[in-house]
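First the structure, in the form of C-alpha cells, and then the observations on it.
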Amino acid sequence: MTRSRKRRCLAFIIVCAAAAGWLWPHVAGASAMALAFVGVLHLAVLAYEEIAFPQYSEAMSPEDYEHFCAALLREARWSARVTRLSGDQGVDIVAEKRGRRIVVQCKKYSKPVGNRAVQEIVAAIAHEEAERGIVVATKGYTASAVQLAASNEVLLLHHCELTKIDRLLRRPLLSA
C-alpha cells in the first residue's frame with residue numbers, strides 16, 4: 001500500500017470525525033460519524049492487504065524473492081514450499097496441486113537469465129519427479145535460454161505470471 005493512500009484515508013477520517021463532532025446533535029453529524037467509520041474500515045482493509053498480499057520490491061534479497069514467488073503460487077491455490085538454500089539441486093520451490101508437481105527456480109538478477117538456470121531446472125524435474133519445470137526471473141532471458149527451454153518444455157516466466165500458472169500449464173507439451 002502506498003503511503004499516499006494511507007494519508008488520504010487518514011485525512012478523510014479526521015475530516016469526517018471533526019465534522020461529526022461539530023455537527024453532532026443534527027443528522028449531518030451522525031452522517032459524518034458514519035462516514036468516519038467507513039473510513040476506518042477502509043483503512044483496516046488497506047492494512048490487511050499490505051500484510052496478506054505479497055508485494056515485489058527491488059530491495060528484496062534473492063531468498064525473499066523465492067518466498068515472494070511461493071506466496072504468489074499459494075494465491076493461485078498451489079501448495080508451495082521453499083527448499084533449503086544449500087543442496088537444493090537447482091530447485092527453489094516445489095509446488096503441488098491436485099496431484100501435479102512442479103519445480104520452480106527463481107532468479108532475481110540484474111540482467112537476463114542464461115542457459116544454466118534452464119539446465120538446472122531440467123535436472124530438477126527428474127530429481128523431484130515433477131511434471132514441469134519453471135524458471136522465474138525479474139529481467140527476462142537470453143535467446144539461447146529461450147531456445148533451450150522450448151526444447152525441454154520448461155516455462156520461462158516473470159513473477160507476475162505466476163498467478164495464472166494453471167492456464168500456462170495447460171499449454172500442450174511438444175510431445176503431445
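Quick check on my filter: what residues within the range 129-145 are assigned to a strand (DSSP E or B) and in contact (Cβ under 8 Å) with a residue 60 or more places away in the chain? Even if it seems obvious, please write down each step before you answer.
Of all residues in the range 129-145, those assigned to a strand (DSSP E or B) come to 132-137, 141.
Within the range 129-145, just 136 meets the criteria.
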Complete set of residues in the range 165-176 that are open to solvent by 60 Å² or more (accessible area, probe 1.4 Å) and part of a helix (DSSP H, G or I): 167
Filter result for residue 162 (surrounded by 13 or more Cβ atoms within 10 Å (Cβ to Cβ), in contact (Cβ under 8 Å) with a residue 40 or more places away in the chain, among the hydrophobic types (A, V, I, L, M, F, W, C) and assigned to a helix (DSSP H, G or I)): yes
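Residues in the range 90-131 that are open to solvent by 80 Å² or more (accessible area, probe 1.4 Å), within 21 Å of the chain's Cα centre (by Cα) and on the phi > 0 side of the Ramachandran plot: how many?
Filtering the range 90-131 for residues open to solvent by 80 Å² or more (accessible area, probe 1.4 Å) gives 98-99, 109-111, 116, 119, 127, 129, 131.
Narrowing further to those that are within 21 Å of the chain's Cα centre (by Cα): 98, 109-111.
Add one more test, that the residue is on the phi > 0 side of the Ramachandran plot, and what stays is 98.
The total comes to 1.
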Unmet requirement for residue 83, which otherwise passes all of (1) within 23 Å of residue 164 (Cα to Cα); (2) touching a residue at least 12 places away in the same chain (Cβ under 8 Å); (3) open to solvent by less than 60 Å² (accessible area, probe 1.4 Å): (2)
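Sort through 148, 155 and tell me the only one that's open to solvent by less than 60 Å² (accessible area, probe 1.4 Å), without any contact (Cβ under 8 Å) to a residue 24 or more places away in the chain and out of contact with any Asp or Glu (no Cβ under 8 Å at 6 or more places or on another chain). Quick ask: steps written out before the conclusion?
On the way: 148 fails: without any contact (Cβ under 8 Å) to a residue 24 or more places away in the chain.
Result of the check over 148, 155: 155.
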Cβ pairs under 7 Å, 6+ apart, first in the range 26-44 and farther than 13 Å from residue 10 by Cβ, second open to solvent by less than 60 Å² (accessible area, probe 1.4 Å) and assigned to a helix (DSSP H, G or I): 29/20; 29/23; 32/16; 32/19; 32/20; 32/23; 33/20; 35/16
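The values are calculated or read from the model by the stated rules, or taken from the named source; none is laboratory data. All values reported here derive from a predicted model rather than from experimental measurement. Neighbour counts are summed over all protein chains in view; Cβ atoms, including those assigned to glycine, are modelled from backbone coordinates with ideal geometry. Quick note on the areas: whole protein, heavy atoms, side chains included, nothing else; ligands and nucleic acids left out. Shrake-Rupley method; radii C 1.70, N 1.55, O 1.52, S 1.80 Å.
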